[in-house]
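Participant: Encoded as C-alpha cells, here's the structure I'll be asking about.
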C-alpha cells in the first residue's frame with residue numbers, strides 16, 4: 001500500500017482542484033483527453049448512476065479503463081468543521097480503501113481523489129475508483145437468485161477478515177456489497193462505500209468485542225431474511241473461523257445474542273424508514289394539489305420492484321400536482337372495480353410526467369374527522385410492509401379533503417399488480433392455505449394485525465416460472481400492536 005502522506009506530496013492542479021493520483025494513472029485521469037471531473041453532466045462518456053443533494057456517483061468510460069466518480073458536495077458549517085479535523089470525505093474514503101486492501105478485504109481499487117482548499121475546506125471533493133465490471137449489488141442479485149452456501153461463506157469471510165484487522169463497514173447493508181460471477185462460475189464479493197469505515201479493536205485476541213458484535217449484528221439483520229436456519233448457523237460459524245473462534249460452544253453462545261441485537265437494529269431501521277414515508281425527502285413529498293386537499297406522493301424508490309413501473313421511474317412534485325389537479329375527476333369515466341357504502345374503487349390509467357401507470361383509485365367516503373384518514377393509514381402501512389419485504393400493492397399517493405383540522409373524504413392511489421387476481425376468485429384455495437397462514441404469521445411477527453384478513457383482502461399472482469405469490473391489500477385495515485415480551489406475558493397470565 002502506498003501511504004497517503006507520501007501520495008499527497010505529489011499533487012496536480014487542474015479544474016480548479018488539487019488532484020492526488022496513484023502512479024501510472026496520471027495520463028489517463030489528468031491527460032489532455034481526460035474529462036472535466038468537476039462538471040461531468042455534459043460529457044457523453046459519463047453516466048449518472050445515482051445522486052442526492054450531498055453526493056453524486058458517475059460511471060465514466062475512458063479509453064483504457066472504466067472508473068466510478070463519487071462527488072461530495074459541501075455539507076454546510078458542520079461539514080466544514082469536520083474537514084478541519086479529518087480532511088475531505090473523498091480523502092477519507094481514499095485512505096479507507098487503502099486500509100481495506102492492506103487487510104485483505106476485497107474492495108474497488110482507489111485511483112485518485114481531489115479536493116479544494118486546505119484539507120478540503122474549499123467545498124467539493126472527488127473520489128475516483130476503478131469500476132468493478134460485470135457486477136451488481138447483492139440486494140438486486142438476491143431478488144432473482146437464492147442465497148446459496150457459497151455466498152454465505154463469502155459474506156462471512158469478508159466481514160470477518162475486516163473485523164480481524166480492526167475495520168468495520170459502518171453501514172453493511174446488502175446494497176454495499178457487489179457480487180460478480182467469474183468465468184469459472186465462482187462468486188466474488190466486493191465491499192463498497194467505505195466513506196464510513198470504522199476502526200474497531202482488533203480480533204487478534206480471539207475474542208469478539210462489543211464493536212465487532214454490533215457490526216456483525218447489523219450485517220446479520222440485513223441478510224437474515226434470505227437465510228434458512230442452517231445457513232444462519234453456517235454464517236456465524238464461518239465468521240468465527242476467520243476471527244479465530246470456531247468451536248461449537250462459541251456458536252451456541254453467540255447466535256442468540258447476535259439475533260437479539262440484530263432484531264433491535266432492524267426495529268430501529270424500520271422505524272426510521274416508516275417515518276420517512278410521511279415526510280419531505282428525496283423519496284416522498286407532501287403536496288397540496290388544490291384548495292382544501294392535502295396528501296403525500298411517491299417520487300422514487302431506493303429498491304425498485306421487478307414488475308412495478310412506478311418503482312422503476314422517478315417523478316417530480318410538479319408532475320404529481322398536474323396529475324392530481326382534479327381529485328374527484330380521477331373517478332369520472334373510470335372502470336368500477338367495487339362500490340360499497342363506505343368506498344369506491346376504480347381502475348384507470350394515470351399519466352404522471354411521461355409515465356403512464358395502471359392504477360387503482362379508492363375513494364373513502366367516510367369522514368376522517370380529527371383522526372388520520374384511512375387513505376393515509378393505508379399509504380403508510382403499505383410502505384411499512386414493503387420495508388419489511390412483505391409483498392403488498394405499491395402505494396403511490398394519498399389525498400384528504402380537509403377543512404381546518406377536520407378531515408372529510410380521502411383518496412388512495414395504488415399501482416395495479418399485473419397478473420394478480422383476488423384470492424376469493426381463485427378456484428384452488430386449498431393449495432395456498434399453508435402460504436396464507438404463513439403470511440398471517442409473518443404479519444404478526446412484525447407486530448401487524450390485519451383486522452379483515454381473508455381471501456377478499458389478499459391477491460394471488462401466479463408466476464409461470466415460479467411459485468404463486470400472495471399479496472396483501474386493503475392496508476387501511478392493518479393496525480400496529482405492541483408485542484408482549486415473554487416476561488410481560490408471564491405476568492399477565494399470573
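Participant: Over what distance in Å are the Cα centres of the stretch 395-454 and the stretch 353-372 separated?
Facilitator: 14
Participant: Give me the distance between the Cα centres of the stretch 93-131 and the stretch 309-333, rounded to whole Å.
Facilitator: A separation of 42 Å, based on Cα centres.
Participant: Shape call for the stretch 135-273 from the C-alpha gyration tensor, a ≥ b ≥ c root eigenvalues: rounded (a/c under 1.5), prolate (a/b greater than b/c) or oblate?
Facilitator: Rounded.
Participant: For the peptides 252-261, 297-306, what is the packing order when you average, over each peptide's residues, the other Cβ atoms within 10 Å and list the highest mean first?
Facilitator: 297-306, 252-261
Participant: When only Cα pairs under 8 Å and 6 or more residues apart are kept, what is the percent relative contact order across the chain?
Facilitator: Once divided by the residue count of the chain, the mean separation gives 8 percent.
Participant: Can you tell me the length gained on complete extension of the stretch residue 291 to residue 269, counting 0.36 nm per residue apart and subtracting the Cα distance?
Facilitator: Difference between extended and current length: 4.4 nm.
Participant: While we're looking at this one, here's another question. For 398, 270, what's the fewest-to-most ordering of other Cβ within 10 Å of each Cβ?
Facilitator: Listed from fewest to most nearby Cβ atoms, that is 270, 398.
Participant: Further, regarding this structure: Compute the angle between helix 76-86 and the longest alpha-carbon principal axis of the chain, please, reported from 0 to 90 degrees and rounded to the nearest 10.
Facilitator: Compared with the principal axis, the helix lies near 40 degrees.
Participant: Could I ask something else about it? Report, in degrees rounded to the nearest 10, the 0 to 90 angle that the Cα long axis of helix 374-387 makes with the longest principal axis of the chain.
Facilitator: 40
Participant: Pull out a ≥ b ≥ c, the square roots of the eigenvalues of the alpha-carbon gyration tensor of the stretch 262-346, then state rounded if a/c is under 1.5, prolate if not and a/b is larger than b/c, and oblate in the remaining case.
Facilitator: prolate
Participant: Helix 229-243 versus the longest principal axis of the chain: what angle, 0 to 90°, nearest 10, using Cα atoms?
Facilitator: In the chain, helix 229-243 runs at an angle near 20 degrees to the longest axis.
Participant: Which peptide among 286-296, 175-185 comes first, and what is the full order, when sorted by highest mean count of other Cβ atoms within 10 Å?
Facilitator: 286-296, 175-185
Participant: What list do you get for 269, 377, 328 if you sort them by fewest beta carbons within 10 Å?
Facilitator: 328, 269, 377
Participant: In addition: Is the chain best put as rounded, prolate or oblate by its Cα gyration tensor, with a ≥ b ≥ c the root eigenvalues, rounded for a/c under 1.5, and otherwise prolate when a/b is larger than b/c, oblate when not?
Facilitator: It is oblate, given that a/c is not under 1.5 and a/b is not larger than b/c.
Participant: Beyond 15 Å, what percent of the Cα pairs of the stretch 293-386 remain?
Facilitator: Here the long-distance tail beyond 15 Å is 68 percent of all Cα pairs in the stretch 293-386.
Read the figures in this text as sums done on the coordinates, not as results from a lab. Please read these numbers as outputs of a predicted model, since none were measured by experiment. Methodologically, a virtual Cβ is constructed for each residue, glycine included, from the backbone with ideal geometry; neighbour enumeration extends over all protein chains shown.
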